[in-house]
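One structure below.
The values are calculated or read from the model by the stated rules, or taken from the named source; none is laboratory data. Because the structure is a prediction, the values reported are computed rather than measured. No Cβ is skipped: glycine too gets one built from the backbone with ideal geometry, and neighbour counts run over all protein chains shown.
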Amino acid sequence: MKEDQIRNALRQLSVREYIGFSRSQGRASLDQELRHRAATLYEQIHWFRQKEPFTSKQLATTLDLAERVLFSEWFFLNHPEPRYPAYTNIHVLNWVLGTTRRATWSTVRARCWMAIQVLLQDLLSFEVCSLAQVEPWQQQSCDLHVVDRRVHLLQKLHAQLTNVQFQLLARIQMDAPPDDWFSYTLDESRTLALLYLTALPQTQEHDEFLFLRTIHISECIFWAVLAGVVAAIESAKCGQLDSAAAHLSDAVTFAKVLVPLFQMFKTMPPEHFAKFRDATGNASAIQSRTYQLMQIFTAGLDERNAENFAATPEIADLVFYGHPRFVDLRTVLCTVEGNTPPGATAFAAQAAALDQALYAWRCLHLGIARHYLPAEATTGTGGTRGTPYLEMIYRRKILPTNYRRTFWPDIRPPVHVHARPVLSPMN
């Protein structure tokens with residue numbers, strides 16, 4: 001297959017039609033003929049990229065995005081239950097965030113703030129349109145009293161973020177999405193892909209859109225915190241503790257958004273969640289690589305989690321972070337504890353602030369799970385033990401540092417798995 005053939009194949013699938021069907025019907029009810037066409041195009045793109053690695057930059061970028069989008073439809077066609085990457089379109093979000101490319105911390109920070117801004121604006125626009133009863137999509141079980149309270153909390157979150165030069169404008173957006181793949185990659189800000197190609201709910205339930213957007217904003221925060229922690233660790237290795245403290249301070253700013261974000265999420269009534277929970281299939285946050293990497297780089301690999309990791313294909317390779325020579329933030333804190341090098345006090349203080357911010361969110365997350373999951377449920381999504389699983393892990397903190405050091409687990413993935421770095425093309 002040559003370039004003109006793959007370009008023609010891309011033109012055969014209308015992106016606007018695909019988005020329209022997905023949003024109006026829910027992806028669980030997507031027209032099977034359209035899903036087959038999407039899955040076939042995914043296979044064509046995947047084959048082409050394997051056989052023709054040298055193409056124009058524009059085509060290569062477009063094929064990368066299209067493959068990430070269409071992976072979900074290929075997955076749904078071949079697997080009975082959704083899983084986290086396919087359900088959330090996380091690979092598309094990662095394309096927007098640039099998780100496969102090395103960048104400076106300032107670049108990562110700016111891109112994450114941009115993504116959070118766009119996603120919050122999109123959610124606020126969706127809720128304002130719903131309140132005005134002009135939103136055409138996801139209007140089943142739309143409780144206007146709930147939406148009114150949600151809009152208030154979204155605006156309150158906006159007020160909190162103004163301190164970081166974060167601008168959020170409530171606007172009603174009724175524009176149709178672009179119809180061809182190249183329009184999304186020609187958009188240098190990548191906001192078109194973020195707006196239209198990430199949140200494609202399985203149902204027409206109103207609050208499923210809230211559910212997905214909360215996941216997406218959380219993933220942006222996790223990536224920013226992870227990048228900030230990695231930058232802090234590397235600075236600390238070089239003895240630059242003032243710089244390390246500054247990186248952690250930025251990470252804390254992101255982490256502090258999680259609590260008000262999830263307080264806004266709690267406006268969703270449990271009965272609304274119950275209406276689309278089954279449609280999420282086996283999608284679970286345990287399958288989120290970014291979240292698990294954030295936890296590992298801050299507090300090390302939890303030996304209690306190693307077996308769960310090994311049994312989860314999306315994160316099975318993370319068990320290798322149990323290597324005793326792996327350096328996490330707690331390990332770095334141990335090296336400066338009791339010493340007084342320049343910047344050590346500020347570094348430890350920012351680590352404590354980050355610890356507190358993430359712990360406060362984990363406590364809130366546990367409370368939400370208890371509130372929304374049925375009392376009789378014995379398992380959660382993704383094969384975990386649900387609430388008991390969260391109760392087991394939520395107390396794992398960075399401080400105090402008198403902990404069992406990173407271990408080398410005997411547990412291995414059930415199939416041969418290669419470790420891959422944080423900045424991986426597979427993200």
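Selection over region 36-59 of residues that are under 24 Å from the mean Cα position of the chain (by Cα) and either farther than 21 Å from Asn427 by Cβ or among the small types (Gly, Ala, Ser) (or both) gives a count of 2. For Glu135, the conditions (1) within 30 Å of Pro270 (Cβ to Cβ); (2) modelled with pLDDT under 95; (3) buried (at least 21 other Cβ atoms within 10 Å of the Cβ) all hold with the exception of (3). None of Gln292, Gln287 is farther than 22 Å from Leu120 by Cα, in contact with a Phe, Trp or Tyr (Cβ under 6 Å, 6 or more places away or on another chain) and of a type in the set (S, T, N, Q) except Gln287.
Listed here are the residues, each with its yes/no results for (1) among the aliphatic types (A, V, I, L, M); (2) more than 27 Å from Lys256 (Cα to Cα).
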site: Ile315; (1), (2): yes, no
site: Gly322; (1), (2): no, yes
site: Val336; (1), (2): yes, no
site: Phe347; (1), (2): no, no
site: Cys363; (1), (2): no, no
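Among residues of region 39-52 that are more than 20 Å from His79 (Cβ to Cβ), those with a Cβ under 6 angstrom from a residue that is surrounded by 20 or more Cβ atoms within 10 Å (Cβ to Cβ), sequence gap 6+ or separate chain, pair up as Phe48/Ile6; Arg49/Leu63.
In region 347-405, which residues are farther than 30 Å from Lys275 by Cβ and at pLDDT below 65? Answer for region 347-405, where residues must be farther than 30 Å from Lys275 by Cβ and at pLDDT below 65: Thr401, Asn402, Tyr403, Arg404, Arg405.
Looking at region 268-340, what helices (runs of 4 or more DSSP H) fall wholly within it and have at least 3 residues that are closer than 16 Å to Lys397 by Cα and not aliphatic (A, V, I, L, M)? In region 268-340, the matching helices (runs of 4 or more DSSP H) lie at 289-299, 329-336. Does Glu208 fit the bill of being crowded, with 24+ Cβ neighbours inside 10 Å and either in contact (Cβ under 8 Å) with a residue 12 or more places away in the chain or out of contact with any His (no Cβ under 7 Å at 6 or more places or on another chain) (or both)? Yes; evaluated as a whole, the condition is true for this residue. Among the candidates Glu314, Glu307, Glu303, the residue that is among the acidic types (Asp, Glu) and in contact with a helix residue (DSSP H, G or I) (Cβ under 6 Å, 6 or more places away or on another chain) is uniquely Glu314.
The combined condition, being in contact with a Pro (Cβ under 8 Å, 6 or more places away or on another chain), buried (at least 18 other Cβ atoms within 10 Å of the Cβ) and closer than 19 Å to Thr88 by Cβ, is not fulfilled by Ala310. Within region 232-267, which residues are hydroxyl-bearing (Ser, Thr, Tyr), assigned to a helix (DSSP H, G or I) and buried (at least 18 other Cβ atoms within 10 Å of the Cβ)? Listed by number, the residues that qualify are Ser235, Ser243, Thr253. Regarding region 53-76, can at least one residue be identified that is buried (at least 21 other Cβ atoms within 10 Å of the Cβ), within 30 Å of Arg277 (Cβ to Cβ) and either of a type in the set (Lys, Arg) or modelled with pLDDT under 95 (or both)? Yes, some residue in region 53-76 is buried (at least 21 other Cβ atoms within 10 Å of the Cβ), within 30 Å of Arg277 (Cβ to Cβ) and either of a type in the set (Lys, Arg) or modelled with pLDDT under 95 (or both). Counting only residues that are within 25 Å of Leu63 (Cβ to Cβ) and more than 20 Å from the chain's Cα centre (by Cα), region 186-242 holds 3 of them.
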